[in-house]
Structure formats: structure tokens, C-alpha cells
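Here the structure is laid out as C-alpha cells; the discussion comes afterwards.
Just so it is clear, none of the values below were taken in a lab; they were calculated from the coordinates. Predicted model only: the values in this text are computed from it and were never measured. Please note: Cβ atoms are built from the backbone with ideal geometry, for glycine as well, and neighbour counts cover all protein chains shown.
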Amino acid sequence: MILKRSCLLLLVLLFVGIAQAEQGCPDGLYPGGAAPGQICIPMPGYGIGGNVPAAAAPESGWKLTWGAVALSSTGEIGAITGQPSESKAKREALARCAGYGGKDCKLNLAYKNQCVVVVWPSVAGASAFPQSAASIEEASAVALPACAAKSGAQCKIAYSACTEPVLVGN
């Protein structure tokens, strides 16, 4: 009988010690290290079967993109759309212009969430004229008359494009 009580008392003390050891750590962790309570260690198997809440999924949405136009005096056009930043759009436009053989490419226009047209006068040696706006039609309506007034000649659209937003996240 005394042996049963001693065993029962030992078990009670053992469980009390375990219960005290878990104090001070969040759910799923228990104190560990040289002195209890100094660090918290994950319990084996915790998190399996849905014990840990899932991380929130990243929010999705539309990201506006950049475009740019670089021109050379010899007629090469370097144009790009859909770039994540203004600086990347500018670099890519200059690189494309040079890639088409332009020796003196200069950045003429950078734009975000818009359309662009590049109009060229029919006069030899005249410069191109880039224009951005909300749509190709709006950009053309501004660029064509401005080009004609500046050059004194008829102008044609040599390039047109619009930046498009991209879906990011989920």
C-alpha cells in the first residue's frame, strides 16, 4: 500500500514538473537548454495536421509598368514597354537603340501607364517626335500636328505602343 502511494506521489510530482516546465513558452514550444525557461524549443510533431495557422497568401494586384523611347540622329528607334521601373525602361530603350546600330542614341521619353507614338517627318534629316498620352489616338492627335508644325512637312507614325499592367502575387 505504501509502495502504491509512493508510486502515485512520484507520478503526480513528475506531471507537476512537466506542467511547470511548459510555462513561459508559446503554444507548441517547451523550455530547453541548461536551465529551464532560457530558450523555447519546438515540440516534436507540432504543426503537423493543422496545429499551426497557415501563413497569409500574398495579395495579388495589378502593377503599372514603364516604357521608354530612345532615338538616334540616323533614325534608329529603341523602344520598350512593360518594364518594372523607370530606370530599367530607360536602360533597355538605350540598349535597343544601340543594338539597331544607333551611334548617338539619346533618351527622348519615359512614360508609365500610358501609350506612346513616335512620328517622323518626311523631310530628310529631320528628327523624330515622340509623344505619350492615355491612348495611341490621343498621342497621335498631339504628335502629328506638332511634328508637321516643327518640320514643315507631312509626318507619319513610325512606332506606337502602350504599357500594360502586370498581375503580381497570387
Query raised in the report: Out of segment 83-170, which GluC sites (Glu not before Pro) are coil in DSSP terms and have no more than 11 other C-beta atoms within 10 Å?
Result: none
Report summary line: Looking only at lysines whose Cα falls under 21 Å of Lys90's and that sit 8 or more positions away or on another chain, we get Lys63, Lys103, Lys106, Lys112
**Report entry** Glu59 versus Ala95: modelled label distance in nm, points set 7 Å from Cα along the beta carbon direction
**Finding:** 3.2
**Report entry** Quarter of Cα convex hull surface for segment 62-168, i.e. mean projection, nm²
**Finding:** 6.2
Query - trypsin sites (Lys or Arg not before Pro) restricted to segment 77-149 and DSSP loop, no more than 11 other C-beta within 10 Å - result: Lys103
Report summary line: In the neighbourhood of Gln83 defined by beta carbon distances under 15 Å, the net charge of the other residues (Lys, Arg +1; Asp, Glu -1) is +3
**Report entry** Label zone at Asn113 (point 7 Å along Cα-to-Cβ), backbone N below 15 Å, segment 57-79
**Finding:** 61-67
Query - Distance in nm between pseudo-label sites at Ala126 and Ala146 (7 Å out along the Cβ direction from Cα) - result: 1.5
